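The values are calculated or read from the model by the stated rules, or taken from the named source; none is laboratory data. Bear in mind that the values here come from a model prediction, so they are computed numbers and not experimental data. Cβ atoms come from the backbone with ideal geometry, glycine included; neighbour counts cover every protein chain shown. In case anyone asks, the SASA skips ligands and DNA or RNA and just uses the protein heavy atoms, side chains included. Shrake-Rupley method; radii C 1.70, N 1.55, O 1.52, S 1.80 Å.
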Amino acid sequence: MLSLSKHGEQNSLTCPHFGTCGGCLLQDLPPADYAAAKRAAVQKALIKAGVTAEVLAPIIVPPRSRRRAVFKIKSLPEGLHIGFHAAKTHTVTDMHHCDVLTPGLFALVGQLRRRLEPLFGVGEAAELHVAETDTGFDCVFRWRAGLTPALTGELTSALSGLGIARLTMGRDLVFEQAVPSITLGGVTVDLPPNPFLQSTREGEAALQEHVLKIAGKAKAVADLFSGVGTFALPLARKARVHAVEQDKAALEALAAAAKSPGLKPVTTEVRDLFKLPLTPAELVPYDAVVLDPPRAGAEAQVRALAKSQVPVIAYVSCDAASFARDAAILVKGGYRPGPVTPIDQFLWSSHIELVGGFTRP
(Lines give C-alpha, C1' and ligand atoms only; values in the text may rest on other atoms or scores of the structure.)
Protein backbone atom coordinates (compact mmCIF):
# COMPACT_ATOMS: atom_id res chain seq x y z
CA MET A 1 0.00 0.00 0.00
CA LEU A 2 1.35 3.43 -0.90
CA SER A 3 2.02 5.93 1.86
CA LEU A 4 -1.08 7.81 2.98
CA SER A 5 -1.99 10.05 5.90
CA LYS A 6 -5.01 9.79 8.17
CA HIS A 7 -4.07 12.85 10.17
CA GLY A 8 -3.42 15.65 7.66
CA GLU A 9 0.21 16.38 8.59
CA GLN A 10 0.84 17.81 5.13
CA ASN A 11 -1.41 20.81 5.85
CA SER A 12 1.54 22.58 7.51
CA LEU A 13 2.66 23.68 4.01
CA THR A 14 1.71 27.10 2.68
CA CYS A 15 1.96 27.83 -1.03
CA PRO A 16 3.01 31.38 -2.03
CA HIS A 17 -0.01 31.42 -4.37
CA PHE A 18 -2.41 30.69 -1.48
CA GLY A 19 -5.11 33.33 -1.32
CA THR A 20 -4.83 34.07 -5.05
CA CYS A 21 -5.00 30.71 -6.82
CA GLY A 22 -8.40 29.07 -6.63
CA GLY A 23 -6.95 25.56 -6.35
CA CYS A 24 -6.25 25.35 -2.60
CA LEU A 25 -8.80 27.19 -0.49
CA LEU A 26 -8.23 25.29 2.78
CA GLN A 27 -4.44 25.20 3.02
CA ASP A 28 -4.40 27.53 6.01
CA LEU A 29 -6.37 25.14 8.23
CA PRO A 30 -4.48 23.33 11.00
CA PRO A 31 -4.07 19.62 10.21
CA ALA A 32 -6.65 18.33 12.69
CA ASP A 33 -9.21 20.94 11.65
CA TYR A 34 -8.64 20.16 7.98
CA ALA A 35 -9.19 16.42 8.47
CA ALA A 36 -12.26 17.12 10.61
CA ALA A 37 -13.71 19.40 7.91
CA LYS A 38 -13.34 16.73 5.25
CA ARG A 39 -15.01 14.14 7.48
CA ALA A 40 -17.76 16.55 8.48
CA ALA A 41 -18.62 17.26 4.83
CA VAL A 42 -19.52 13.59 4.37
CA GLN A 43 -21.31 13.34 7.72
CA LYS A 44 -23.46 16.39 6.99
CA ALA A 45 -24.45 15.10 3.56
CA LEU A 46 -25.54 11.75 5.02
CA ILE A 47 -27.48 13.39 7.85
CA LYS A 48 -29.25 15.70 5.41
CA ALA A 49 -30.30 12.67 3.34
CA GLY A 50 -31.50 10.83 6.46
CA VAL A 51 -28.84 8.11 6.30
CA THR A 52 -27.21 6.77 9.44
CA ALA A 53 -23.71 5.46 8.70
CA GLU A 54 -20.33 5.55 10.39
CA VAL A 55 -17.92 7.94 8.70
CA LEU A 56 -14.31 7.00 9.32
CA ALA A 57 -11.31 9.32 9.53
CA PRO A 58 -10.35 10.53 6.05
CA ILE A 59 -7.45 9.03 4.16
CA ILE A 60 -5.43 12.00 2.90
CA VAL A 61 -3.00 11.63 0.01
CA PRO A 62 0.46 13.17 0.40
CA PRO A 63 1.39 16.53 -1.11
CA ARG A 64 2.73 16.67 -4.67
CA SER A 65 0.88 13.53 -5.71
CA ARG A 66 -1.77 14.74 -8.16
CA ARG A 67 -1.03 13.29 -11.59
CA ARG A 68 -3.89 14.87 -13.53
CA ALA A 69 -4.73 18.54 -14.08
CA VAL A 70 -6.40 21.02 -16.40
CA PHE A 71 -4.15 24.02 -16.98
CA LYS A 72 -5.54 27.38 -18.06
CA ILE A 73 -3.33 29.31 -20.47
CA LYS A 74 -3.56 33.04 -21.29
CA SER A 75 -1.17 35.22 -23.27
CA LEU A 76 -0.76 38.68 -21.76
CA PRO A 77 1.53 41.58 -22.77
CA GLU A 78 3.94 40.61 -19.99
CA GLY A 79 4.10 36.97 -21.14
CA LEU A 80 2.34 33.62 -21.15
CA HIS A 81 0.51 32.73 -17.95
CA ILE A 82 -0.21 29.07 -17.23
CA GLY A 83 -1.79 27.63 -14.11
CA PHE A 84 -5.21 27.49 -12.48
CA HIS A 85 -7.93 30.12 -12.31
CA ALA A 86 -7.69 32.60 -9.47
CA ALA A 87 -10.37 32.22 -6.83
CA LYS A 88 -13.83 33.20 -8.11
CA THR A 89 -12.47 34.72 -11.34
CA HIS A 90 -11.30 33.68 -14.82
CA THR A 91 -7.91 35.29 -14.26
CA VAL A 92 -5.09 32.76 -14.69
CA THR A 93 -2.72 32.50 -11.73
CA ASP A 94 0.71 32.10 -13.29
CA MET A 95 1.96 29.01 -11.48
CA HIS A 96 5.52 29.12 -10.15
CA HIS A 97 4.94 26.83 -7.17
CA CYS A 98 2.50 23.99 -6.46
CA ASP A 99 2.22 21.66 -3.46
CA VAL A 100 -0.47 19.55 -5.15
CA LEU A 101 0.96 18.45 -8.51
CA THR A 102 3.55 15.69 -8.87
CA PRO A 103 7.07 17.08 -9.30
CA GLY A 104 7.07 15.92 -12.93
CA LEU A 105 3.76 17.60 -13.73
CA PHE A 106 4.82 20.85 -12.05
CA ALA A 107 8.14 20.86 -13.93
CA LEU A 108 6.20 20.47 -17.17
CA VAL A 109 4.37 23.75 -16.47
CA GLY A 110 7.61 25.74 -16.62
CA GLN A 111 8.68 24.04 -19.84
CA LEU A 112 5.28 24.66 -21.43
CA ARG A 113 5.40 28.34 -20.52
CA ARG A 114 8.74 28.78 -22.27
CA ARG A 115 8.00 26.60 -25.31
CA LEU A 116 4.43 27.78 -26.00
CA GLU A 117 4.89 31.53 -25.54
CA PRO A 118 6.12 32.18 -29.11
CA LEU A 119 3.02 30.43 -30.53
CA PHE A 120 0.43 32.55 -28.71
CA GLY A 121 -0.78 35.97 -29.77
CA VAL A 122 -1.53 38.48 -27.00
CA GLY A 123 -5.01 37.83 -25.64
CA GLU A 124 -5.17 34.22 -26.83
CA ALA A 125 -6.40 31.64 -24.32
CA ALA A 126 -6.32 27.86 -24.23
CA GLU A 127 -6.83 24.89 -21.96
CA LEU A 128 -4.51 21.91 -21.63
CA HIS A 129 -5.60 18.63 -20.03
CA VAL A 130 -2.59 16.64 -18.81
CA ALA A 131 -2.28 13.21 -17.21
CA GLU A 132 1.04 11.79 -16.06
CA THR A 133 1.15 8.14 -17.16
CA ASP A 134 3.76 5.40 -16.83
CA THR A 135 5.11 6.20 -20.31
CA GLY A 136 4.89 9.99 -20.35
CA PHE A 137 2.40 12.84 -20.30
CA ASP A 138 -0.89 12.46 -22.17
CA CYS A 139 -1.96 15.95 -23.26
CA VAL A 140 -5.13 17.28 -24.87
CA PHE A 141 -5.29 20.89 -26.12
CA ARG A 142 -8.45 22.96 -26.28
CA TRP A 143 -7.21 25.80 -28.47
CA ARG A 144 -8.16 27.51 -31.72
CA ALA A 145 -10.80 26.29 -34.12
CA GLY A 146 -8.87 23.52 -35.79
CA LEU A 147 -5.53 21.84 -36.31
CA THR A 148 -3.67 22.89 -39.47
CA PRO A 149 -0.53 21.29 -40.94
CA ALA A 150 1.43 24.41 -39.98
CA LEU A 151 0.21 24.31 -36.36
CA THR A 152 0.93 20.57 -36.19
CA GLY A 153 4.53 21.26 -37.18
CA GLU A 154 4.90 24.15 -34.75
CA LEU A 155 3.51 22.20 -31.80
CA THR A 156 5.56 19.10 -32.59
CA SER A 157 8.72 21.16 -32.79
CA ALA A 158 7.96 23.20 -29.67
CA LEU A 159 6.86 20.36 -27.38
CA SER A 160 9.10 17.45 -28.34
CA GLY A 161 11.63 16.40 -25.74
CA LEU A 162 9.43 17.32 -22.74
CA GLY A 163 8.34 13.79 -21.90
CA ILE A 164 5.00 14.19 -23.67
CA ALA A 165 3.95 10.77 -24.93
CA ARG A 166 0.93 12.01 -26.89
CA LEU A 167 -0.59 15.33 -27.80
CA THR A 168 -4.05 15.66 -29.28
CA MET A 169 -6.07 18.74 -30.19
CA GLY A 170 -9.75 18.05 -30.10
CA ARG A 171 -10.02 14.70 -31.84
CA ASP A 172 -6.92 15.22 -33.97
CA LEU A 173 -3.57 13.66 -33.15
CA VAL A 174 -0.71 16.16 -33.16
CA PHE A 175 2.00 13.63 -32.32
CA GLU A 176 2.49 10.38 -30.44
CA GLN A 177 5.96 9.34 -29.30
CA ALA A 178 4.73 6.51 -27.05
CA VAL A 179 1.36 5.03 -26.18
CA PRO A 180 0.35 6.45 -22.78
CA SER A 181 -0.25 3.60 -20.37
CA ILE A 182 -0.85 2.93 -16.69
CA THR A 183 -0.86 -0.19 -14.53
CA LEU A 184 -4.11 -1.34 -12.93
CA GLY A 185 -4.15 -4.47 -10.81
CA GLY A 186 -0.74 -5.42 -12.15
CA VAL A 187 -1.97 -5.15 -15.76
CA THR A 188 -0.74 -2.60 -18.30
CA VAL A 189 -3.55 -0.58 -19.88
CA ASP A 190 -2.89 1.40 -23.07
CA LEU A 191 -4.98 4.53 -22.74
CA PRO A 192 -7.23 6.26 -25.26
CA PRO A 193 -6.87 10.06 -25.48
CA ASN A 194 -8.04 12.01 -22.43
CA PRO A 195 -9.35 9.07 -20.38
CA PHE A 196 -10.74 9.38 -16.88
CA LEU A 197 -8.09 8.49 -14.28
CA GLN A 198 -8.14 8.79 -10.52
CA SER A 199 -6.32 11.98 -9.61
CA THR A 200 -3.54 10.31 -7.61
CA ARG A 201 -1.91 6.90 -7.59
CA GLU A 202 -2.18 6.84 -3.80
CA GLY A 203 -5.90 7.59 -3.81
CA GLU A 204 -6.47 5.05 -6.56
CA ALA A 205 -4.72 2.35 -4.52
CA ALA A 206 -6.77 3.21 -1.43
CA LEU A 207 -10.04 3.03 -3.38
CA GLN A 208 -9.05 -0.28 -4.96
CA GLU A 209 -8.17 -1.74 -1.58
CA HIS A 210 -11.53 -0.76 -0.10
CA VAL A 211 -13.54 -1.96 -3.11
CA LEU A 212 -11.79 -5.35 -3.06
CA LYS A 213 -12.48 -5.66 0.67
CA ILE A 214 -16.18 -4.83 0.22
CA ALA A 215 -16.56 -7.23 -2.71
CA GLY A 216 -15.00 -9.94 -0.57
CA LYS A 217 -15.28 -13.43 -2.03
CA ALA A 218 -17.71 -12.49 -4.81
CA LYS A 219 -17.24 -14.68 -7.86
CA ALA A 220 -19.26 -12.61 -10.33
CA VAL A 221 -19.09 -8.81 -10.24
CA ALA A 222 -20.74 -6.08 -12.30
CA ASP A 223 -18.49 -3.02 -12.53
CA LEU A 224 -20.67 -0.09 -13.53
CA PHE A 225 -19.15 3.13 -14.89
CA SER A 226 -16.01 1.03 -15.23
CA GLY A 227 -13.83 3.41 -17.25
CA VAL A 228 -10.55 1.79 -18.32
CA GLY A 229 -10.68 -0.79 -15.53
CA THR A 230 -9.63 0.88 -12.27
CA PHE A 231 -11.62 -1.72 -10.35
CA ALA A 232 -12.47 -4.31 -13.00
CA LEU A 233 -8.86 -5.43 -13.51
CA PRO A 234 -7.97 -5.87 -9.81
CA LEU A 235 -11.30 -7.64 -9.26
CA ALA A 236 -10.63 -9.97 -12.20
CA ARG A 237 -7.79 -11.59 -10.27
CA LYS A 238 -10.43 -13.54 -8.34
CA ALA A 239 -13.81 -12.93 -9.99
CA ARG A 240 -15.56 -12.85 -13.33
CA VAL A 241 -16.30 -9.23 -14.17
CA HIS A 242 -18.83 -7.59 -16.46
CA ALA A 243 -17.72 -4.00 -17.10
CA VAL A 244 -20.31 -1.46 -18.26
CA GLU A 245 -19.35 2.01 -19.49
CA GLN A 246 -20.64 4.63 -21.94
CA ASP A 247 -17.16 5.50 -23.24
CA LYS A 248 -16.45 3.02 -26.04
CA ALA A 249 -12.74 3.86 -26.27
CA ALA A 250 -12.28 3.27 -22.54
CA LEU A 251 -13.98 -0.11 -22.78
CA GLU A 252 -11.83 -1.10 -25.74
CA ALA A 253 -8.73 -0.29 -23.70
CA LEU A 254 -10.08 -2.34 -20.81
CA ALA A 255 -10.99 -5.29 -23.04
CA ALA A 256 -7.51 -5.36 -24.56
CA ALA A 257 -5.85 -5.25 -21.13
CA ALA A 258 -8.16 -7.96 -19.80
CA LYS A 259 -6.57 -10.47 -22.20
CA SER A 260 -3.51 -10.52 -19.95
CA PRO A 261 -2.75 -13.89 -18.31
CA GLY A 262 -3.86 -14.56 -14.77
CA LEU A 263 -7.26 -12.89 -14.99
CA LYS A 264 -10.74 -14.35 -14.80
CA PRO A 265 -13.01 -13.59 -17.79
CA VAL A 266 -13.90 -9.91 -18.28
CA THR A 267 -16.80 -8.96 -20.54
CA THR A 268 -17.67 -5.43 -21.58
CA GLU A 269 -20.82 -3.57 -22.59
CA VAL A 270 -21.16 -0.07 -24.03
CA ARG A 271 -24.21 1.38 -22.33
CA ASP A 272 -25.52 4.69 -21.02
CA LEU A 273 -26.41 3.77 -17.45
CA PHE A 274 -28.14 7.12 -16.89
CA LYS A 275 -30.69 6.36 -19.60
CA LEU A 276 -30.60 2.58 -19.53
CA PRO A 277 -29.59 1.21 -16.12
CA LEU A 278 -29.17 -2.50 -15.58
CA THR A 279 -32.52 -3.91 -14.50
CA PRO A 280 -33.08 -6.10 -11.43
CA ALA A 281 -33.42 -9.09 -13.78
CA GLU A 282 -30.08 -8.28 -15.44
CA LEU A 283 -28.44 -7.98 -12.02
CA VAL A 284 -29.45 -11.50 -10.93
CA PRO A 285 -26.16 -13.21 -12.01
CA TYR A 286 -23.96 -10.97 -9.81
CA ASP A 287 -23.05 -11.38 -6.16
CA ALA A 288 -21.45 -7.94 -6.04
CA VAL A 289 -21.81 -4.64 -7.89
CA VAL A 290 -19.26 -1.84 -8.02
CA LEU A 291 -20.38 1.71 -8.84
CA ASP A 292 -18.07 4.61 -9.66
CA PRO A 293 -20.31 7.22 -11.32
CA PRO A 294 -19.53 10.85 -12.21
CA ARG A 295 -20.26 13.67 -9.78
CA ALA A 296 -24.01 13.55 -10.50
CA GLY A 297 -24.22 10.08 -8.97
CA ALA A 298 -26.21 7.13 -10.30
CA GLU A 299 -29.79 7.68 -9.22
CA ALA A 300 -31.46 5.69 -12.01
CA GLN A 301 -29.10 2.73 -11.57
CA VAL A 302 -29.40 2.86 -7.80
CA ARG A 303 -33.19 2.71 -8.00
CA ALA A 304 -32.84 -0.51 -10.00
CA LEU A 305 -30.30 -1.86 -7.52
CA ALA A 306 -32.65 -1.07 -4.63
CA LYS A 307 -35.17 -3.46 -6.22
CA SER A 308 -32.57 -6.17 -6.83
CA GLN A 309 -31.25 -8.97 -4.65
CA VAL A 310 -27.55 -8.22 -5.21
CA PRO A 311 -25.91 -9.13 -1.87
CA VAL A 312 -23.12 -6.51 -1.85
CA ILE A 313 -22.62 -3.06 -3.39
CA ALA A 314 -19.38 -1.08 -3.33
CA TYR A 315 -20.05 2.57 -4.13
CA VAL A 316 -17.21 4.95 -5.03
CA SER A 317 -18.18 8.62 -5.26
CA CYS A 318 -16.59 12.00 -5.89
CA ASP A 319 -19.55 13.92 -4.45
CA ALA A 320 -20.86 13.49 -0.93
CA ALA A 321 -24.30 14.92 -1.70
CA SER A 322 -25.10 12.61 -4.62
CA PHE A 323 -23.67 9.63 -2.69
CA ALA A 324 -25.93 10.44 0.26
CA ARG A 325 -28.98 10.76 -1.99
CA ASP A 326 -28.24 7.39 -3.59
CA ALA A 327 -27.45 5.81 -0.22
CA ALA A 328 -30.89 6.85 1.03
CA ILE A 329 -32.49 5.06 -1.93
CA LEU A 330 -30.54 1.88 -1.20
CA VAL A 331 -31.40 2.01 2.50
CA LYS A 332 -35.09 2.49 1.69
CA GLY A 333 -34.78 -0.57 -0.56
CA GLY A 334 -33.52 -2.69 2.32
CA TYR A 335 -29.74 -2.33 2.11
CA ARG A 336 -27.62 -1.79 5.21
CA PRO A 337 -24.80 0.77 4.89
CA GLY A 338 -21.35 -0.08 6.15
CA PRO A 339 -18.61 2.36 7.19
CA VAL A 340 -17.94 5.20 4.77
CA THR A 341 -14.31 6.16 4.16
CA PRO A 342 -13.53 9.65 2.83
CA ILE A 343 -10.47 9.66 0.55
CA ASP A 344 -9.02 13.10 0.00
CA GLN A 345 -7.43 13.24 -3.46
CA PHE A 346 -8.12 16.96 -3.92
CA LEU A 347 -5.86 18.44 -1.27
CA TRP A 348 -6.93 21.71 0.33
CA SER A 349 -10.07 21.99 -1.80
CA SER A 350 -13.69 21.52 -0.74
CA HIS A 351 -13.97 18.32 -2.81
CA ILE A 352 -13.87 14.89 -1.22
CA GLU A 353 -14.07 11.36 -2.61
CA LEU A 354 -15.38 8.44 -0.63
CA VAL A 355 -16.14 4.75 -0.73
CA GLY A 356 -18.81 2.84 1.11
CA GLY A 357 -20.35 -0.62 1.12
CA PHE A 358 -23.97 -1.76 1.28
CA THR A 359 -25.19 -5.26 2.11
CA ARG A 360 -28.60 -6.84 1.81
CA PRO A 361 -29.35 -8.70 5.07
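Quick notes
- Note on region 27-96: percent of Cα-Cα distances in each 5 Å bin, starting at 0 and stopping at the bin with the largest distance, equals 3, 12, 14, 14, 14, 15, 11, 8, 5, 2, 1, 0.
- Quotient of the Cα radius of gyration of region 265-361 and 2.2 N^0.38 Å, N being its number of residues: 1.08.
- Above-threshold pairs, the threshold being 25 Å between Cα atoms, out of K275/K307; K38/K88; K48/K307; K217/K259; K48/K332; K48/K88: K48/K88
- Among the trypsin sites (Lys or Arg not before Pro) found in region 34-133, those both in a DSSP coil and sparsely packed, with 14 or fewer other Cβ atoms within 10 Å of their Cβ, are K88.
- Looking at region 109-173, the accessible area is 45 square angstrom per residue; that uses a 1.4 Å probe and ignores ligands, DNA and RNA.
- Distance distribution P(r), region 203-316, all Cα-Cα pairs, bin width 10 angstrom from 0: 15, 51, 32, 2 percent.
- For the chain, the share of accessible area belonging to carbon and sulfur comes to 56 percent (1.4 Å probe, ligands and nucleic acids excluded).
- Relative to the longest principal axis of the Cα atoms of the chain, the long axis of helix 248-257 makes an angle of roughly 80 degrees.
- Share of pairwise Cα-Cα distances greater than 17 Å in region 95-164 is 46 percent (whole percent).
- Looking at region 36-162, the pairs of alpha carbons with a distance over 17 Å make up 66% of the total.
- H17 contributes an accessible area of around 40 Å² to the protein surface, as traced by a 1.4 Å probe with all chains present.
- Of the two radii for region 58-106, the radius of gyration is 1.04 times the Kirkwood radius, both from the alpha carbons; that is the Rg over Rh value.
- Note on K213: lysines with a C-alpha under 21 Å away, same-chain residues under 8 apart excluded, are K6, K238, K264.
- GluC sites (Glu not before Pro) lying in DSSP loop within region 176-211, provided at most 16 other Cβ fall within 10 Å: none
- For the chain, dividing the convex hull volume of the Cα atoms by the residue count gives 135 Å³ per residue.
- L173-T152 pseudo-label distance in nm [points 7 Å out on the Cα-to-Cβ vector]: 1.1 nm
- Taking GluC sites (Glu not before Pro) across region 82-156, the ones in a DSSP loop with at most 16 further Cβ atoms lying within 10 angstrom of their Cβ are E124.
- Over all other residues within a Cβ to Cβ distance under 14 Å of P180, the charged ones net out to -2, with Lys and Arg as +1 and Asp and Glu as -1.
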